[in-house]
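Below: the structure, in structure tokens.
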Amino acid sequence: MKKCLSVITLLLATGCGSWSDAADLCTAVSTSITTAQGGTDNCVLDAGESVTINGTGGNSGSVVLSAGASLHAISVNGVVAGSISNSGSIIVPDGTKSGIYLNGGTASSIDNSGTISTVQPGVYLTGNSTISNRITNSGTISSSGNRGMLLDNSVVNGLTNSGTITSSAHKGLSLVDGTINNGVINTGTITSTSPASDDGVGIYGTLINGGFSNSGTISGRTQGIDADDSATINGGLTNLAGGTISGATENAIEVDETTTINGGLTNRGTLSGAWNAIVVSQSAVINGGITNSGTISSSSQSGISVQSAAAIHDGLSNSGTISGALNGIVMAQSATLSGGINNTGSISGSSASGVSMLSAATLQDGISNSGTITGALNAIAVAQGSTLIGGISNSGTITGTSNGILVDDSATLSGGMTNGSQGVISGGSSAILVDNGAALNGGISNGGTIHGTTYSIQVANGGSMDGTVNNLAGATLAGNLSGAMNLDNAGTLVLKSGTSRGSETTTGSAGASSITGTYNQSAGGILHLAVDSTATPGTTFSTLTVNGTANLTANAKIDLDVKNGGGNITAGDRFAGVIHATTLNSSTFVLLSPEFCSSRADFFSSCHFC
């Protein structure tokens, strides 16, 4: 083969002679392939050599190797070459070779705007290879038997995809034990459609400096993105507005096995997974927190799962939507989250909890909600020896079909609960339940509405509450009370069962409340009771038993919801034991219901219908 110029344009059987000897197409400093080449012809770049396959401008530049040729279309082996550019076609049907292959070699850049179609990886770097500048793809890179692109034990100074990288048998893009500087940017499509299940992007033991960002589509048969094997991403992992990351059978994003993300995980687009949308596990660490202003959803498990001693620092912030078939957010297996959860959007769990803490998880800096948190069982559950430090602050809506907030099974919530003037905490059974040896430290301050269909606050089965329940002026605490607590009432205390939220004083039926501690009712406080008949205390008329001291200010306000229009009550009926206390300190009362009146000090044992 003869070298004519420093730039060679290859023309079939023309120009500098025939190329029928089937050899190296690239023997000059700069080679341009503008017509179809192949069979057994390939391109081996030596030191300083570059190649351009030009399929633009009506040309049909290509390297199409014949079956059985057993050749890489373009290769660099152990030398420092120039650039590799393809706007035509590279097709390698052999099951052992790649379209572009570097083994211990260096190229200044790889730029594909054409088509690379192979059985093995379309682009394959290994053996400490280096790309001095970026790998850029705006065309199509596909593999039918391996990764679309495999960067193994190599250094690349940036990777940009605005085209398509795909595999029908393995990962779309695989980054293994190497370094990517200047970030990974995807505005196109990276996908795996492997029926055997695989990931759109796999990041294994790789260091990425400059972050990973997506505004295109990344999808995998299993995970959309799997960051694994002590990988490190500096600069964060970001799914931008318009970006979609999905896992068809498992997770949209999985971060595990001591992988570290510095700069946080941010979603402004859509993350969807069959199992979880985001899972952080096996001692993985995210510094910079998780921030969502888009949509995070799971079709079978949780929107976000943090488990197996994984740690998230700098909080979890949501102004978008987080939803899961089980939980919206779950922390489990000694996972930790510092910086708290701040929700101004929506968090929901379709069959379990909106936010769930299980098996010794730890959340520091509390939960702040001004949006909506809902759950089929509980809106928020702190259970199984978990610890929540910093309390719960609510100015939005926290609603559970069973319980609004559950502290259960030897768990500890410290820092108390604060419900603001616009806040609602409600549960189909209890609004707040402290159960099975769990502890709520710091009390409860209610300035809004706490509503339980059966109980507003229940402390049961060895649960404990340190601190006072303060029902502030203008606030409503609706539902029966049960367990050890001290209660200061300056708002409206509705002791009834089955009330409807928003119409607590006119719906529901009589209920029995019993607390161990102190009940104080100040001048602005109202005690609202239901009365139907004298037949059964706690069933046909409301009762409050205080195993301790009840202090009611002079002219204490009593309001009655008289059921059945008073048809079951006759003049002279007595509702004995409406309030029963070990020590009852009271004097006079103001009855707000026009059907009843009393100025007697023993009203609670001898109330008469007037």
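The values are calculated or read from the model by the stated rules, or taken from the named source; none is laboratory data. Owing to the predicted nature of the structure, the values given are computational and were not obtained by experimental measurement. Glycine also receives a Cβ, built like all others from the backbone with ideal geometry; neighbour counts cover every protein chain displayed. Ligands, DNA and RNA are stripped out before the accessible areas are found, and what is left, the full protein with its side chains, is counted by its heavy atoms. Shrake-Rupley method; radii C 1.70, N 1.55, O 1.52, S 1.80 Å.
Tabulated data for the structure shown
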{"read-out": "All positions within region 295-318 that are outside any strand (DSSP E or B) and either within 20 Å of residue 183 (Cβ to Cβ) or open to solvent by 10 Å² or more (accessible area, probe 1.4 Å) (or both)", "value": "299, 300, 301, 307, 308, 309, 314"}
{"read-out": "Cross-chain or 6+ apart pairs with Cβ under 7 Å, region 457-468 first and closer than 20 Å to residue 415 by Cβ and in contact (Cβ under 8 Å) with a residue 24 or more places away in the chain, then part of a strand (DSSP E or B) and basic (Lys, Arg)", "value": "none"}
{"read-out": "Near pairs, Cβ below 8 angstrom, 6+ apart or cross-chain, from region 316-343 (at positive phi and modelled with pLDDT of 95 or more) to any residue that is assigned to a strand (DSSP E or B) and open to solvent by 10 Å² or more (accessible area, probe 1.4 Å)", "value": "334/362; 339/313; 339/364; 340/364; 340/368"}
{"read-out": "Residues that are surrounded by fewer than 18 Cβ atoms within 10 Å (Cβ to Cβ), among the small types (Gly, Ala, Ser) and more than 17 Å from residue 161 (Cβ to Cβ), drawn from region 109-143", "value": "127, 132"}
{"read-out": "Qualifying residue in region 232-253 (condition: under 17 Å from residue 339 (Cβ atoms), open to solvent by 10 Å² or more (accessible area, probe 1.4 Å) and at pLDDT 95 or above)", "value": "no"}
{"read-out": "Set 187, 191, 222: member being surrounded by fewer than 21 Cβ atoms within 10 Å (Cβ to Cβ) and at negative phi", "value": "187"}
{"read-out": "Condition broken by residue 217, with the remaining ones in (1) of a type outside the set (A, V, I, L, M); (2) touching a Gly at 6+ places or on another chain (Cβ under 8 Å); (3) crowded, with 22+ Cβ neighbours inside 10 Å satisfied", "value": "(3)"}
{"read-out": "Matching residues, region 429-443, being more than 14 Å from residue 381 (Cβ to Cβ), part of a loop (DSSP other than H, G, I, E, B) and either open to solvent by 20 Å² or more (accessible area, probe 1.4 Å) or at pLDDT below 95 (or both)", "value": "437, 442"}
{"read-out": "Sole exception among (1) open to solvent by less than 40 Å² (accessible area, probe 1.4 Å); (2) closer than 19 Å to residue 121 by Cβ for residue 26, by number", "value": "(2)"}
{"read-out": "Residues that are assigned to a loop (DSSP other than H, G, I, E, B) and crowded, with 24+ Cβ neighbours inside 10 Å, drawn from region 159-174", "value": "171, 172"}
{"read-out": "Pairs with Cβ under 6 Å, 6+ apart, first in region 161-186 and more than 15 Å from residue 148 (Cβ to Cβ), second of a type in the set (A, V, I, L, M) and at pLDDT 95 or above", "value": "178/151; 179/155; 179/207; 180/156; 180/159; 180/208"}
{"read-out": "Test: residue in region 460-470 that is more than 28 Å from the chain's Cα centre (by Cα) and crowded, with 24+ Cβ neighbours inside 10 Å", "value": "yes"}
{"read-out": "Where a residue in region 132-160 is on the phi > 0 side of the Ramachandran plot and touching a residue at least 40 places away in the same chain (Cβ under 8 Å) and its partner, wherever it lies, is open to solvent by 10 Å² or more (accessible area, probe 1.4 Å) and of a type in the set (Lys, Arg), with Cβ under 8 Å and at least six apart", "value": "158/134"}
{"read-out": "Residue 454 vs. criteria open to solvent by 30 Å² or more (accessible area, probe 1.4 Å), in a strand (DSSP E or B) and either touching a residue at least 12 places away in the same chain (Cβ under 8 Å) or within 17 Å of residue 407 (Cβ to Cβ) (or both)", "value": "yes"}
{"read-out": "Complete set of residues in region 324-341 that are assigned to a strand (DSSP E or B) and crowded, with 24+ Cβ neighbours inside 10 Å", "value": "324, 329, 330, 331, 337, 341"}
{"read-out": "Members of region 349-371 that are open to solvent by 30 Å² or more (accessible area, probe 1.4 Å) and in contact (Cβ under 8 Å) with a residue 40 or more places away in the chain", "value": "365"}
{"read-out": "Residue identified as touching a residue at least 40 places away in the same chain (Cβ under 8 Å), more than 18 Å from residue 565 (Cα to Cα) and under 35 Å from the mean Cα position of the chain (by Cα) among 474, 498, 491", "value": "498"}
{"read-out": "Filtered residue count, region 194-210, keeping only those that are closer than 20 Å to residue 118 by Cα and either surrounded by fewer than 21 Cβ atoms within 10 Å (Cβ to Cβ) or of a type in the set (A, V, I, L, M) (or both)", "value": "5"}
{"read-out": "Members of region 485-513 found to be assigned to a strand (DSSP E or B) and open to solvent by less than 50 Å² (accessible area, probe 1.4 Å), listed by number", "value": "487, 489, 492, 493, 494, 495, 496, 497, 510, 513"}
{"read-out": "Within region 144-156, tally of residues that are open to solvent by 40 Å² or more (accessible area, probe 1.4 Å) and part of a loop (DSSP other than H, G, I, E, B)", "value": "3"}
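The rows are residues; the columns are (1) farther than 25 Å from residue 133 by Cα; (2) in contact (Cβ under 8 Å) with a residue 24 or more places away in the chain; (3) of a type in the set (Lys, Arg); (4) part of a loop (DSSP other than H, G, I, E, B).
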residue	(1), (2), (3), (4)
208	no, yes, no, no
213	no, yes, no, no
219	yes, yes, no, no
222	yes, yes, no, yes
233	no, yes, no, no
245	yes, yes, no, no
251	yes, yes, no, yes
254	yes, yes, no, no
